[in-house]
Each structure stands twice: as structure tokens, then as C-alpha cells.
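Let me begin by presenting the structure, written as C-alpha cells, before commenting on it.
Every number in this text was worked out from the coordinates using simple rules, so none of it is lab data. As the structure is a prediction and not an experimental result, all values here were calculated from the model. Cβ: placed from backbone, ideal geometry, glycine included. Neighbour counts: every protein chain shown.
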Ligand code: NAP
């Protein structure tokens, strides 16, 4: 299958192609165009020229484009999910769930397109304000470069395209090199809507080669990036004065208080730790359990983990498949070895079977071992015992990341203490830190990011406030 670039509403051949391989079978699945700098420039010019037309669309028109997109995607749900599983090895059940969320994300965007508003200002509260009327309005920034990761190739792209269209911006999308098919699929669907030509463009190629040109370009008004902290921080340093929204990684932590019924929380903990092979930015990585429940929790959690089915991502019953690249197995096994050599205990997993890293649980992992302080981004979870909720809070905060944290407790005081003391973008009470729905504000502090997604909040980032003052004197 030979794919084409999508620029200015046209499918364009490239001079160079690269082969896309399935992470699970290692078979060639498509030939992907490699954009050179001239092609990136063409995509930026196309997005730039479409700015005016996009900004002039009515709220109703923008809302309809997004509703149409959601409807077509819903009709092609299975096909879209199979693309995710094929190119990223996400098990089909999770790919289907991602498509369902993506449809919701576009529907939320269609709704938000109708309620972008400013506020009136009480001018006469100032001595010099008498007789003046003022209000603010939100205006699109212009052209937005969206750079996205491999792990949610539909929904995280939707978190950029949806709000950008809702707020009248144009887009140049650079998806992850391992997941271009999802991006081209969305281009194909958007092409069937009334979106103005040029308002959405997809270019593929190595981020390390074309990224700088895209993020430094004067006609790009904002860069919205989801991915690793290293790349995100590099982009921020290169982007100059333009707005840069970063959604980065984490090593999400969970506290389990002593009064919790463990049977109720085991299943969500297993899903939180191992869905999409742990390649989720809020994957449950560090579990802190009160000492008195430690033994029982380990027993139940291990038992449930060992029941997970390893296999082909395209099969309906598969829970765990390959990581995005085989070299990720090597990296994570090295990290496991490091923890073991420093006194950690392997409770299950820790080996690769038919190319798949088995879901792995460790205890007694030192706080400064990579498995604890770095983002694993794989099917590995650490369990530590704590003597108080305070100790759990301190352990979670002892991290360079701060995306979301969770606490299971029946004790209101402990819950409120955790809410105010945890240094993260979101605290999830009585659920895993991996919990997310798409309209909620989502983003991190510290090295986890500098912005919030969740359509309404992204629209704030993607629009400029303009003040209007009337002198009625
Ligand atoms: P990544 O390696 O940082 O890549 C993300 C995107 O950046 C890809 O499109 C990549 O292109 C591009 N890129 C690479 N180098 C670039 C450069 N120098 N300039 C511009 N763009 C460049 O991340 P990933 O491995 O795809 O995704 C995993 C990371 O994303 C994890 O850290 C995870 O926590 C984070 N994440 C965060 C969130 C959130 O909402 N906070 C959500 C999901 C994932 P190529 O593929 O061509 O290299």
C-alpha cells in the first residue's frame, strides 16, 4: 500500500518513501512518503493561506464539519481500530475503545465550537472607567503545527484537530513515524467534510529531520506537542515566541489506603498498569500500598496479571502484545536488571516470550532506580509498602513528573490531604491515575507538561484574547 502526503486538500506523491513495518509481525505494511523541507514548506504555506477562510467560518459551520467527521468515523469504527492495531500493536479491544473515545472527542469539539465566548469587564470599577463598556473575544491564532506520539494515534490527534477546527485555526499535522496510517485515515475522512482546502495537512517523515523547520517557521503560530519530555523541551527551546503547548510523560503513582476493599480495585489496577502494554502517559507505574494490605494486594494483583492473554494485537481476546519497537524490550529488560541488581524482587514477568515482554511486577525497587524515577512506558509496575498516606504522597511527589496521581481511600480526611498535597495536574480519588475522559482538563506539572487538553481548555490555548473598549462618554 503506497500512501500519499495530504497537502492543500490534495493527495501528493513524494520523491522518497520509507517502509512501515508491523511491530508485532515485523512484516511490511505500507510505504510511507517522506516529506522533505520543500514539502514541509508547501504544507505550511497551505495552512497559512487557509487561515482567513477558517477564521471566517461560522460556529455552526465549524460544528457541522466536526459532527460530520465524528459520524463518518463512527461508521468506520472497526476499520479505524484495525489500523491502530496493525501499525502500533495496540490490542484490538483497546483500539476499539480508542475509536469510541475519538468519536466523543470530535463530538465534544463540535459542541465547544458553539460556545467560545469572552466576558464583559466592569470598567467603571476604575476611576477612569466611567462611561466605558468593554468585553473580550477569542480569536484563532492562525496556523498550528501538531506533533503527535504513537500511543493514541487517533485520539491524541483528535485532541489537536478537534479544538483547532472548533476555534477556526488551520493545521499541519506531523504524526509519529510508526503511526502514519491513522493520520492519513483521518485526512481521508476530513476530506469528505466541508473543511476548507488547506486547513488540514498531513506530512510524514522523521521528526528529528523535519521538526525544527516546522516549529521554527514564522508562519506557524503555535506548536502543540504530545510526546516525550526530551523532544518536547527541545521544541520549546527552539520555538521562540510562538505558543508551545506540551503534553509530556510521567511515572504515575497510586496510593492504596488501609480501609480499601482490594477485590474491587484489582481489575482497574491491572488495566491501568498494562493496557496498551503500559505505553500510556498515565500508565500506572508506582503503587504504594499500606503495609497491612501489602501481602494480600500482591497476591491478588499477581494472580490477575498472570491471567492476561499475550498475542496478536488484531485478535479480540488479546490483552498484551508487542511494544512499539523490539529495541524497547532491550531497554526495559536492562532497567529491570538494574533494579534487581540493587535489591528489587521480581514477582512475575521480567522476560520476553515470542517478542512480547510479559507483564512484570516488582517490589522493593529503590526510589532512584530507573524503574521508579524514569518513565518506563512498558508493561512493568512497582509495588512498595507504606506506613501512612503521607508517606505515599511524599513518594509520589518525589518525581520529576507530575501528570496524574490516584488514591483509593474510604477516609475523607486522607483524600483531602492527598488532593491538596499531591504535585500533579490531576488527582483521581478512588480510581487509578490512568483514568481519563476527553472533556476533562488534562495535563501535567513539572516535566509532564505546561498546558491542558480537554477540548474547552485546548481552545483557550489555541485562541488569543482580544479586548474591545467602547467610550460612551
Ligand atoms: P516522541 O519520541 O517524543 O515522539 C513524539 C513526536 O515527536 C513524534 O511525532 C516524533 O516524530 C516527533 N519528534 C521527534 N523528534 C522531534 C524533533 N526533534 N522535533 C519535532 N518533532 C520531533 O514520543 P513517542 O515515543 O511517540 O510517545 C511517547 C511519549 O509520549 C511518552 O513520553 C509519553 O508519556 C508521551 N505522551 C504524553 C501524553 C500526554 O498527554 N501527556 C500522551 C501520550 C503520550 P518521529 O516519530 O518521526 O520521531
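Structural remarks
- Residue in region 162-175 that is in a loop (DSSP other than H, G, I, E, B) and either near the ligand (Cβ under 8 Å from one of its atoms) or over 18 Å from residue 458 (Cβ atoms) (or both) present: yes
- Scan of region 332-358 for residues that are touching a residue at least 24 places away in the same chain (Cβ under 8 Å) and either surrounded by fewer than 13 Cβ atoms within 10 Å (Cβ to Cβ) or in a helix (DSSP H, G or I) (or both), ordered by number: 332, 333, 335, 336, 338, 339, 353, 354
- Of the helices (runs of 4 or more DSSP H) lying entirely inside region 207-311, those containing at least 2 residues that are surrounded by fewer than 21 Cβ atoms within 10 Å (Cβ to Cβ) and within 14 Å of the ligand (Cβ to nearest atom) are 207-216, 229-238.
- Test: residue in region 398-405 that is away from the ligand (no atom under 15 Å from the Cβ), surrounded by 16 or more Cβ atoms within 10 Å (Cβ to Cβ) and closer than 27 Å to residue 138 by Cβ: no
- In region 181-206, the qualifying residues are those that are out of contact with any helix residue (DSSP H, G or I) (no Cβ under 7 Å at 6 or more places or on another chain) and more than 25 Å from residue 463 (Cβ to Cβ), and the one that is nearest to the ligand (Cβ to nearest atom) is 206.
- Of the residues examined, residue 410 is not one that is surrounded by fewer than 23 Cβ atoms within 10 Å (Cβ to Cβ), part of a helix (DSSP H, G or I), over 21 Å from the mean Cα position of the chain (by Cα) and touching a residue at least 40 places away in the same chain (Cβ under 8 Å).
- Yes/no for residue 178 being within 14 Å of the ligand (Cβ to nearest atom) and touching a strand residue (DSSP E or B) at 6+ places or on another chain (Cβ under 8 Å): yes
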